[in-house]
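Here is the structure we will look at.
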C-alpha cells in the first residue's frame, strides 16, 4: 500500500532494496482499478488524443480526512493534502502521461482553516512541467466544510492532446443520498452529515455483506499476478516513489515560494526542514 515510506529518503532506500533483491513488487493505488480510469488510460495509451500536452485535475474533499490525519500525528509538518490525498489524482494523471519526464514543479499552499486548528494545510495548487513542454496543473483542497456531501474524494480531470480531449467527471454527483439519520462512512465526523455523494469512498461500498468496488478488484488483480503471473494495473514501485517525490517537491515549492527542479533529492528536503 502507498506510500513506500513517509519520508523521501526512506522511500528511496526501500526502492533500492526491492530492486537489489529483484522482487516483483507493486503498490496499491486503488483508483487505477476503477473502470473510468482504466478507459481513460487506454485512450491515452493508444494515442486517441494524439500527443498529450495539458492535464488538469481538481480534487475537493471535506475536512474529515484532514482532521483525522492531523489528530493522529505528533508532527503536523509530515501531513499535507498533496502527500496524503492529492497523490491519488496525481498518480492517475501521471499514469496517463506515461513516458513523459517531469523536470520542474511550482506550487502555493493555503492554511486559513486547518492552520490555526492543527498547524495544517488547507489546500495546494501547483504545476508540473515536463521536458517536452507538457504541463500538468493540479490542485486539491481537503478543507471543505464537514457537510460537503462527498464522503472522501470528488475529482475532475481534463486531458488535452494534439488530436483530442478527454474530460472525466468523478465528483460522484450522479447518485445523491439524503437521509434523516447519519449513515456510516470512511471517517467519523464530529457532526452529522445527512447528504452523501454515494460512491465517493475510494475503496468501494459495502453491499450484501461484502466490499464491492476498486479495492476488491485490486485484490483480485494482485492474486492473479501472484498465482498466474498476469499483468496488473497496479503502480510499480518506481512509480510509487516518483509520486511521493512529486508531492514532496510540490510541498517544498509552496514552502519556499519558488520553482523546484526535479528529480528532488532527499537531502534537499533536509536542508529546509
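The values are calculated or read from the model by the stated rules, or taken from the named source; none is laboratory data. Not measured: the values here are computed from a predicted model. Here the Cβ positions follow ideal geometry from the backbone for every residue, glycine too, while neighbour counts run over all protein chains shown.
What do you reckon, is residue 68 assigned to a loop (DSSP other than H, G, I, E, B), surrounded by fewer than 19 Cβ atoms within 10 Å (Cβ to Cβ), modelled with pLDDT under 95 and out of contact with any strand residue (DSSP E or B) (no Cβ under 8 Å at 6 or more places or on another chain)? When the stated conditions are applied, residue 68 does not pass them.
Take region 28-42 and flag every residue that is free of Cβ contacts under 8 Å to residues at least 60 places away in the same chain and touching a strand residue (DSSP E or B) at 6+ places or on another chain (Cβ under 8 Å).
Within region 28-42, the first condition is being free of Cβ contacts under 8 Å to residues at least 60 places away in the same chain, and the residues that meet it are 35, 39, 42.
None - no residue of region 28-42 is free of Cβ contacts under 8 Å to residues at least 60 places away in the same chain and touching a strand residue (DSSP E or B) at 6+ places or on another chain (Cβ under 8 Å), so the list stays empty.
Filtering 201, 187 for residues that are in contact with a helix residue (DSSP H, G or I) (Cβ under 9 Å, 6 or more places away or on another chain) and modelled with pLDDT under 90 leaves a single hit, 187. Within region 254-273, the residues that satisfy the criterion of being in a helix (DSSP H, G or I) and out of contact with any strand residue (DSSP E or B) (no Cβ under 6 Å at 6 or more places or on another chain) are 255, 256, 266, 267, 268, 269, 270, 271, 272.
Does residue 261 satisfy the criteria of being in contact (Cβ under 8 Å) with a residue 12 or more places away in the chain, over 19 Å from the mean Cα position of the chain (by Cα) and on the phi > 0 side of the Ramachandran plot? Please lay out each step first, then the result.
Details: in contact (Cβ under 8 Å) with a residue 12 or more places away in the chain: yes; over 19 Å from the mean Cα position of the chain (by Cα): yes; on the phi > 0 side of the Ramachandran plot: no.
Against the criterion (in contact (Cβ under 8 Å) with a residue 12 or more places away in the chain, over 19 Å from the mean Cα position of the chain (by Cα) and on the phi > 0 side of the Ramachandran plot), residue 261 does not qualify.
Restricting 216, 240, 233 to residues that are touching a helix residue (DSSP H, G or I) at 6+ places or on another chain (Cβ under 9 Å) and closer than 16 Å to residue 15 by Cβ narrows the list to 240. Note on region 142-158: residues that are modelled with pLDDT of 95 or more, touching a helix residue (DSSP H, G or I) at 6+ places or on another chain (Cβ under 7 Å) and more than 21 Å from residue 102 (Cα to Cα) total 3.
Only residues that are in contact with a helix residue (DSSP H, G or I) (Cβ under 7 Å, 6 or more places away or on another chain) and without any contact (Cβ under 8 Å) to a residue 60 or more places away in the chain were counted in region 1-27, giving 0. Applying the criterion of being outside any strand (DSSP E or B) and in contact with a strand residue (DSSP E or B) (Cβ under 6 Å, 6 or more places away or on another chain) to the residues of region 102-139, the residue that is nearest to residue 48 (Cα to Cα) is 134. Quick check on region 156-173. Is at least one of its residues closer than 29 Å to residue 71 by Cβ and free of Cβ contacts under 8 Å to residues at least 24 places away in the same chain? No, region 156-173 contains no residue that is closer than 29 Å to residue 71 by Cβ and free of Cβ contacts under 8 Å to residues at least 24 places away in the same chain.
For region 204-229, the tally of residues that are closer than 19 Å to residue 150 by Cα and exposed (fewer than 12 other Cβ atoms within 10 Å of the Cβ) stands at 1.
Applying the condition of being crowded, with 19+ Cβ neighbours inside 10 Å and assigned to a helix (DSSP H, G or I) to region 14-30 and asking which residue is modelled with the lowest pLDDT yields 30.
Right, residue 73: over 20 Å from residue 256 (Cβ atoms) and without any contact (Cβ under 8 Å) to a residue 40 or more places away in the chain or not? So residue 73 passes the test.
Of the set (1) crowded, with 22+ Cβ neighbours inside 10 Å; (2) touching a strand residue (DSSP E or B) at 6+ places or on another chain (Cβ under 7 Å); (3) part of a loop (DSSP other than H, G, I, E, B), all apply to residue 50 but (1).
Residue by residue, here is whether (1) in a loop (DSSP other than H, G, I, E, B); (2) out of contact with any strand residue (DSSP E or B) (no Cβ under 9 Å at 6 or more places or on another chain) holds:
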{"position": "218", "(1), (2)": "no, yes"}
{"position": "226", "(1), (2)": "no, yes"}
{"position": "230", "(1), (2)": "yes, yes"}
{"position": "239", "(1), (2)": "no, no"}
{"position": "246", "(1), (2)": "no, no"}
{"position": "249", "(1), (2)": "no, no"}
{"position": "252", "(1), (2)": "no, no"}
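Inspection of region 45-63 finds a residue satisfying the criterion of being out of contact with any helix residue (DSSP H, G or I) (no Cβ under 8 Å at 6 or more places or on another chain), within 17 Å of residue 140 (Cβ to Cβ) and at pLDDT below 95.
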